[in-house]
Structure formats: C-alpha cells, structure tokens
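Structure record follows, encoded as structure tokens.
The values are calculated or read from the model by the stated rules, or taken from the named source; none is laboratory data. Treat the numbers as computed from the prediction; the structure is a model and nothing was measured. Cβ placement follows ideal geometry from the backbone for every residue including glycine, while neighbour counts extend to all protein chains displayed. Remember, those area values only see protein heavy atoms, side chains included, never the ligands or the DNA or RNA. Shrake-Rupley method; radii C 1.70, N 1.55, O 1.52, S 1.80 Å.
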Amino acid sequence: MNADVVPTQEPTEATRYWLGVALDVPLAGLFDYYALIPVNAGTRVIVSFGRRQMVGMVAQVKAAPDIAPGSVKAIEAVLDDIPPMSDDWMRLVSFAARYYQRPLGEVMLPALPVALRKVASYTGKGARGGPVARADKSKRKAAAVCAGDAPPLQLNPEQTQAVQAVTAAQGHQTFLLHGVTGSGKTEVYMHAAKQVLAQGRQVLFMVPEINLTPQFEQSLRARLGQVDNPDLLAVLHSGLADGERLRAWLRIARGQARVLLGTRLSIMTPMPDLGLIIVDEEHDTSYKQQDGLRYSARDLAVWRGHDLQVPVVLGSATPSLETWHNAQRGHYQLLSLTQRARAVQLPQVRLVDTRRLALEHGFSPQLLDAIKARLAQNEQVLIFLNRRGYAPVVSCNSCGWVSQCPRCTAYTILHRTQGGRTHNHLQCHHCGYHAAVPRRCPDCGDQDLRPMGRGTQRLEEHLAEWFPQARISRIDADSTRLKGSAEALFAQVHAGEVDILVGTQMVAKGHDFAKLGLVGVLNADAMLFAQDFRAPERLFAQLMQVAGRAGRHAGAGEVIIQTDYPEQPVYQALLKHDYQGFARYSLEERKAVGLPPFAYQALLTAEARALKTAVAFLSEAATLPDTAPELYPTSEAVTRYDPVPLRVVRVANTERAQLLVESDSRPALQTFLATWSADVAALATRHRVRCHLEVDPLEI
C-alpha cells in the first residue's frame, strides 16, 4: 500500500515518535508532528497544516518536540511508494537551503516531481494506488537505440589527454574543459562517460536550455546506447508533462537509467550510483534559477561532486570569469582544447564600422553582399539579433508618443502574427500585457504611427524581400512556443532545408550546423554600456558562441559584427578569438574595483505598491545589524549599500527596489545572512512588502 494511514486512537506520550517535518511554505524551520510507527528521515508524509492537507518530508527524527507535546498533531499518512530519500540527497538539499537562505521545505519538495508532492495524487477516486503505481503501469514506448550507428571519432592528442585526466581522477576533482568552439568538447564528454558507465556508475549530463536536449539525446543514444539496455538514458527538463517527468525521475532514482540528460533542475535528482557530472556551457546564465530557490545548478554540481567524491567537468569556450579565476588559482584543473576537432580554421571575424554607413533596414552593404555570396555558394547564413518581436516600440512622429506599458516602466513591443491575414499587436515582455496597435496617436490623433527599431520578425520580413528565392526561418521565443516546435525548426536547419536563419540567443550555443558559412550580428552595441558590470562578459560569451557556429565543417567561415564602437576591448578580443586576453583584462578590472570573483554578494529585492514603501523597508533592513550588533558578529566585514530602484522600476503595477550587501569573505557574508535573512523576513511582514534574497546574484 502506498499510503499507510496512521491510527487515530489517542496514544500515550511514550508511544509517539517525534518528527521534524519540512513543508513547502515560506516559513523557517521544521514543523513538529508525531507518528505511532517509526518513520525514517527522507520519508514523505501527509500532514494537516492549518486548514489544509499537505505533503511534507521528514527531515529529522527527534527525541522531543520543540513545543508542548499536547499541541503536536499526528501525521495523517506515511507515503511509502518510494524508499526514503538517500542521505546524500538530504545533504545536498540541506546545503542548498543553508547557502541560499531558504526554508528547507522550499528546497526539498519542489525538487520532487509534481505528483509526489500533491495530496490529490494519493486521495480520492482518481488515486488508483498512487502516482508511482500509475506510472509503473502506464505503457511507455522505449526510444529507439542506434548503438553502433555512430562510431567514436578518433581523438586528437589534446582530447586524449583531457579524457585521461578525467577518468584517472581519484575521488573529487573539478575540471574546466576550455576549448574553442568546434574543438570537440562533446567527444571528450562521451569518452569519459563511456568509461564511467563501464564501471557500473551513473552519469549526470547537464545542458543549459531545453532546446539543446534533443540534439544531445540523439548523440548520447547513438554513442552510449546498448541493445540490451534501451532504457540507458533518461531526460529531465521543465518542458516535460508531469507524467513524463515522474517516469524519468523514477528510472534514474531506481538506478534503471544510467545517464541523466537534463537542465538545471536535474542537479536535484537522486542518483544512487553517480560517478561523473558534466556541465556543458557552464558559463550560461540559464543555470541560475531566477525565482523561488535562486540557486546556481553549476555551483551545486561542484558541491555535489565534492560531497560524493566524484569528478565534475565544466565545459565552455567562454568560461565564466568566476570559473576561470578558480582554474587560474589551481582550485580547478584546466584542460585546454586549442584546435578545432576537424581540420578547419576558426571563422574570420570582421568588424563593420557603422558610424559613417547608410544602413538599409539595419543591414550594412558589406553584410548584404556577404549574404548574397554565401547563398550563391549554397551555404547557410545566420543573422543574429537578440531582440524578438517586430519592433521595440511604436511611436508618433508628430508629438513623440511611444507605446508604453500601462503596468510597467517599459515599452510594449510590436509583434506581427501571420495567419489568414497579418495581425499586429503590442506586448510587454515584462508582465505579458497585450493590446491592439492604436489606429491613431492617443495623444495627438495623428494616424501616422511607425515602428522604431528592429526585432527578429522585422529582419525576417526584410530578408524575404531582398532574397525572395531563399528559404528563411526564424527561431526565437515566439516561433517556438508550441511543444516540439523548436526541435522541428532546428531539424529543418540541420537537414539543409533553411538558407537564412534569423535567431536570438536560442541559436547561439551548442548547435552544430554543418552548412553554416556566415554569421551576421546586429545591434550588439546595446549591451556594451549596460549598468550591470557583467554585461561585457555576457556580450563576449554570446558573440563568441554565435561566431562559433560558422564554418564548423567546411571551414572558411565568416562572422560580420556591425558596431559603432569597433575599438572596444570586447570586439578586439573577438577579432583574435582571444578569450584568455579578454579574461585577463576583465579580471584585472574587477580586482581593481573589488567586484566578483574578488568579492561575494547578496541582493535583497523588495516589491510594494509604492516605491517609497519598498525603499523604506530596505533602508530599515540595512540598519538591522546596528540595532543588535551582538547578533551580527561579522557585520563589520560586510558592506551594506544604499537601496536603489531597479532599472525597470514598475512591473505589473508593482514597484521594485534593491539593496546590495557585499563582503571580501564568503564565510563572513554567510554568517551575516543567516541572521539577517530571518530578521528581514519578519520586517517584511510588518511593512507588508514582498521580498526575496538572492545569494551570488547574476544581475544587479
């Protein structure tokens, strides 16, 4: 039976087993309950919490409750359809809760598949034995295994050395596999994984985004698949239906599947025989969760490898500066791949100075000529613009009116949908607000409203006019909303059914386009002067990654970047494919002003109906350590900055401000946050504001 109902007769105190239960609620600490039978830590239970029933997890078996025994409720059921969570999984979620300053229940429960944390999955007529029993009974078509279809490629000396280093590691070691785009990092992953699998261990293979999983899934099945084990691989990402995710999770947790391919949520998956963790494109910001538990899956992967004493491989052509700094200090072992795996040269990068050029709908004559030449050679072209939609704003030339979101301090973006007829609408990318495009200016009545700037939809339209014979496809968040649409579009590109691909950052990384000869980059300058100190690093990584899509098979690839600032260090390093030079310059700059990785930060963000309410709350939060200095022994080592409004102050009629705290010492900051986070939560209740604390923020 999957849910043992606890007897309801009144027990004596001597027959009670006291439990500390973690619940998915925004309250610190565990909640005391009792059972009449022994219950192990890591077991899920159904409890009554207030007026509702909830699934919780036993985090602690206690000698006595923290409150009066007579006030403690009994648990209502023990859920035993899966074994108790393992000790190493409990250590992982406990560490994440401590480091990222979140209640344990808000880490434990969301890490499980939805069905395992819903009371409704176990009660009522539709329960049918519980979700695990239903998942085991459901028929799932096994994926085709093509073992032997893809023979291993011959490794070059650098790849061989990298594989040997990883497989020879005794216990834990973190490796940074730094290789130029197209250098064969995936081949290193495959060879190392194959040796770990041969030892009877499991492999966790992490990728940053959902749209990369089909490509890697196909490669993993082809290279690591075994005819006698069609269930070798499981895939986990947020795009799966609840039932699919549960089945994959169970196969990995039971040790049936030996390889887990997943996005950031996969780091929390129990794996009983884990022997190797691979984090591809480790620099990617998608590994950082931006709501709820704001964790870095990459950093948790390093911690988990250390805890289990297994090797961790972080791979990237453009490592994050934090990771590169760790490698330079010897904390990580650097493995370098300096040449492309195939005998082709890195693409030539050209900077087109647009300050004195007459652009045609955003395109320079040089870029248009290059597109024409590549199409004549039957090669593919990628036009990269990290701005979806048709145009960033609609404006009135007569009075200067612009399309502003009524709920946010942001513009609404013009989108154009194709169907039976063209339909234009305005959309806010912050709150989701939709509106029809006004027929005349709301301020002056002028009917001559015009789009300003360009998004991917507008580029697609212009390219279709200039190159009517070319097959043009657009890949961005708008064109890939439907399930499976991104996979289908990328399949068309790989099959050579697309001549010109227009895309955002979705196309910039991980994809191996065999026929792609030219990459054109528009509007890259927008990130050069952003307020966030990490913007140049992100711009360099983005451009280096998208440039690496060109000439991966045939060689003679070309990258054209249009810019008004060709002398900028970011672009000069790109000309030479010089990541190390860029990293050296950037780290010296960061060190001079005391920014990460030479400092450690946390960001407190407040949301309220009025900005002054949010700022007042943050101002008082900054002074909390001064009112009780004995509770904050490390406060002198922590800098508290003044609260400031966010760049986009209002989102969905909510005003936002933030407060940065910083220290040269990570232990000092963590000690400070452990007390401060609890005091801040109580203060937020009094001020009636919403707040969240983010440790190691990526955007400030």
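Round to a whole number: what % of the accessible area of the stretch 511-614 belongs to carbon and sulfur, probe 1.4 Å?
53 percent
Enumerate by residue number the trypsin sites (Lys or Arg not before Pro) in the stretch 605-700 meeting two conditions: DSSP loop (anything except H, G, I, E, B), and at most 15 other Cβ atoms within 10 Å of the site's Cβ.
Filter output for the stretch 605-700: ARG609, ARG688.
Can you give me the % of accessible surface on the stretch 69-208 that is carbon or sulfur? Probe 1.4 Å, all protein chains present, nothing else counted.
53 percent
With a/c under 1.5 counting as rounded, go ahead and sort the stretch 10-139 into rounded, prolate or oblate using the C-alpha gyration tensor (a ≥ b ≥ c being the square roots of the eigenvalues; past the cut-off, prolate if a/b is larger than b/c, else oblate).
Cα axes put the stretch 10-139 in the oblate bin.
How compact and how long is the stretch 365-461, expressed as Rg and Dmax of its alpha-carbon atoms in Å?
Final numbers for Rg and Dmax: 16.4, 51 Å.
Over the stretch 601-663, calculate the relative contact order: mean separation of alpha carbon pairs under 8 Å at least 6 apart, over the residue count, as a percent.
Over the stretch 601-663, the number comes to 50 percent.
Spin-label point model (7 Å from Cα, Cβ direction): what's the ASP448 to ALA464 distance in nm?
2.7 nm
Calculate how steeply helix 242-253 sits against the longest principal axis of the alpha-carbon atoms of the chain, using the helix alpha-carbon long axis, and give the answer as 0 to 90 degrees to the nearest 10.
70 degrees
Sticking to Cα atoms, compute the Rg of the stretch 336-378 to one decimal and its Dmax as the biggest Cα-Cα distance, whole number, in Å.
Radius of gyration, then largest Cα-Cα span, for the stretch 336-378: 15.0, 42 Å.
Only helical DSSP H runs with n ≥ 4 go in: add -39500 (n - 2.57) per run for the chain, normalise by residue count and round the 222 nm mean residue ellipticity to 500 deg cm²/dmol.
-9000 deg cm²/dmol
Mind listing P(r) for the stretch 156-276? All alpha-carbon pairs, 10 Å bins, whole percents.
12, 45, 35, 8, 0
Place a point 7 Å from Cα of GLN218 in the direction of its Cβ. Which residues in the stretch 490-517 have their backbone N less than 14 Å from it?
Once the point is set 7 Å along Cα→Cβ of GLN218, 490-498, 511-515 turn out to lie under 14 Å by backbone N, inside the stretch 490-517.
Could you give the length gained by full extension between TYR641 and ASP231, i.e. 0.36 nm per residue of separation minus their alpha carbon distance, to one decimal place?
Between TYR641 and ASP231, full extension yields an extra 142.3 nm.
For the stretch 322-405, what does the alpha-carbon gyration tensor say about shape, rounded, prolate or oblate, given a ≥ b ≥ c as the root eigenvalues, a/c under 1.5 as rounded, and a/b over b/c as prolate?
Judged from the Cα gyration tensor, the stretch 322-405 comes out oblate (a/c at least 1.5, b/c at or above a/b).
On the accessible surface of the stretch 351-444, probed at 1.4 Å, how many percent belong to carbon and sulfur atoms?
45 percent
Taking the square root of 5 times each eigenvalue of the Cα gyration tensor, what semi-axes in Å does the equivalent ellipsoid of the stretch 65-136 have, largest first?
Each semi-axis is √(5λ); the values are 25, 20, 11 Å.
Which lysines does LYS62 reach when only Cα atoms under 29 Å apart count, and residues fewer than 8 places away in its own chain are ignored?
LYS73, LYS118
When 1/r is averaged over all different Cα pairs and the result inverted, which Kirkwood radius in Å belongs to the stretch 516-659?
18.7 Å
State the dimensionless ratio Rg/Rh of the stretch 250-303 (Rg: radius of gyration of Cα atoms; Rh: Kirkwood radius).
Rg/Rh for the stretch 250-303 comes to 0.97.
Can you run phi through the Karplus equation (6.51, -1.76, 1.60; θ = phi - 60°) for the stretch 661-671 and list ³J(HN,Hα) in whole Hz, with x for Gly and Pro?
10, 8, 8, 6, 10, 5, x, 5, 5, 5, 4
Assuming R0 = 25 Å, can you tell me the calculated FRET efficiency for the pair ASN653 and THR623, based on Cβ-Cβ distance, to the nearest 0.05?
After rounding to 0.05, the efficiency reads 0.30.
What figure, in Å² to the nearest 10, do you get for the accessible area of TYR565 with a 1.4 Å probe and non-protein molecules left out?
Probe radius 1.4 Å; accessible area of TYR565 about 80 Å².
Taking only Cα atoms of the chain, what ratio of Rg to Rh do you get with Rh as the Kirkwood inverse-distance radius?
With Rg and the Kirkwood Rh in hand, the quotient comes to 0.98.
When the dipole is taken about the Cα centre of the stretch 348-504, and only Lys, Arg (+1) and Asp, Glu (-1) are charged at their Cβ, what size is it in debye, to the nearest 20?
I would put it at about 300 debye.
Show me, for the stretch 607-616, the HN-Hα J-couplings you get by feeding each phi into the Karplus relation (A = 6.51, B = -1.76, C = 1.60, θ = phi - 60°), rounded to Hz, glycine and proline as x.
These are the phi-based 3J(HN,Hα) values: 10, 8, 5, 10, 4, 5, 5, 5, 5, 4 Hz.
What relative contact order, as a whole-number percentage, does the stretch 301-435 give when Cα pairs under 8 Å and 6 or more residues apart are counted?
Result for the stretch 301-435 is 10 percent.
Taking only Cα atoms of the stretch 610-651, what ratio of Rg to Rh do you get with Rh as the Kirkwood inverse-distance radius?
1.09
At a threshold of 8 angstrom on Cα-Cα distance, excluding pairs fewer than six apart, so keeping six or more, what relative contact order does the chain reach in percent?
11 percent
Where only protein heavy atoms count, and the probe is 1.4 Å, what is the accessible area per residue for the chain in Å²?
Accessible area per residue, the chain: 44 Å².
What does the C-alpha gyration tensor say about the overall shape of the stretch 591-700? Classify as rounded when a/c is under 1.5, otherwise prolate if a/b is larger than b/c, or oblate.
oblate
Per residue, what volume in Å³ does the convex hull of the Cα atoms of the stretch 268-414 enclose?
Cα convex hull per residue, to the nearest whole number: 249 Å³.
Under the Karplus relation 6.51 cos²θ - 1.76 cosθ + 1.60, θ = phi - 60°, what is the ordered set of whole-Hz ³J(HN,Hα) values for the stretch 396-402, x standing for Gly and Pro?
Result, rounded to whole Hz: 10, 5, 6, 10, x, 4, 10.
ALA257's amide H: which non-local residues (gap 5+, or another chain) put their own amide H closer than 5 Å, with H modeled 1.01 Å from N in plane and none for Pro or chain starts?
Correct list: ILE252.
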